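Engineer: Got a structure for you, questions after.
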Amino acid sequence: MRTHTLAALMLLMAMTMLCGSVSARKQPVPKLYMFGVAASFTDTIVHFTSIQQIDSAWIDTKSKFLQDRQAYSYQLRDYLSQREQMNHRTCMVFYAMKKEKLEKKYQKMIRLYTKAKDGKAHYDVRHLTPQQFKFYTVQSIIEEEVPNE
């Protein structure tokens, strides 16, 4: 039994060292486009931001994921909590390098909340204009890779 535990521990340590040495890198992009959606499980109000241009965002080079995505969704959550008195919203951000691609996703999300199969409106969709809410660029912390010795 101890041999299996020791082998599992060694395998775990090896995987950790391998993952640490093959870490993803962050790459700045001059601009990308983003919109946010905020909903709650306790009511039918859904907020949509406009599609906005974000300057100097950071992207993971391997996965092409936006770095600090949660910070952008927290911006929307905090705005709704403070200005609209709407607490406990689940906020999501959607982004793309090309505005046309994001506009298709935006329309798909709007249809999801406005077009019901039975013809009834199940959600109160509210649009936030750029004058009401605007995303600001999150300054990502650049982690420098340290070569393994």
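The values are calculated or read from the model by the stated rules, or taken from the named source; none is laboratory data. In this text the structure is predicted, and so the values were computed from the model without any measurement. Every residue, glycine among them, receives a Cβ derived from its backbone with ideal geometry; neighbour counts consider all protein chains shown. Keep in mind that these areas ignore ligands, DNA and RNA; they rest on the heavy atoms of the full protein, side chains included. Shrake-Rupley method; radii C 1.70, N 1.55, O 1.52, S 1.80 Å.
Engineer: Around MET109, with a cut-off of 12 angstrom between Cβ atoms, what is the net charge of the other residues, counting Lys and Arg +1 and Asp and Glu -1?
Structural biologist: Computed value for this residue: +4.
Engineer: If I stretch the segment between GLU103 and LYS64 completely, what's the gain in nm (0.36 nm per residue apart, minus their alpha carbon distance), one decimal?
Structural biologist: 12.2 nm
Engineer: While we're looking at this one, here's another question. Roll a 1.4 Å probe over the protein heavy atoms and report the accessible area of LEU112 in Å², nearest 10.
Structural biologist: Using a 1.4 Å probe on the heavy atoms, I get roughly 110 Å².
Engineer: Next question, about the same structure. For the full complex of protein chains and a 1.4 angstrom probe, list HIS88, HIS122 by accessible area with the highest value first.
Structural biologist: HIS88, HIS122
Engineer: Roll a 1.4 Å probe over the protein heavy atoms and report the accessible area of LYS31 in Å², nearest 10.
Structural biologist: 90
Engineer: Report, in listed order, any pair from LYS31/LYS101; LYS62/LYS104; LYS26/LYS101 with a Cα-Cα distance greater than 18 Å.
Structural biologist: LYS62/LYS104; LYS26/LYS101
Engineer: Let me ask you something else. Of MET97, MET109, which has the most accessible area with a 1.4 Å probe, and how do the rest follow in descending order?
Structural biologist: MET97, MET109
Engineer: Related question: Residue by residue, what Karplus-based ³J(HN,Hα) values in Hz, rounded to whole numbers, does the range 37-48 have, using 6.51, -1.76 and 1.60 with θ = phi - 60° and x for Gly and Pro?
Structural biologist: For the range 37-48, the Karplus-derived couplings read 10, 10, 9, 9, 7, 9, 8, 9, 7, 10, 9, 10 Hz, x marking Gly and Pro.
Engineer: Sort VAL37, VAL125 from largest to smallest accessible area, using a 1.4 Å probe on the heavy atoms of the protein chains.
Structural biologist: Largest accessible area first, the residues go VAL125, VAL37.
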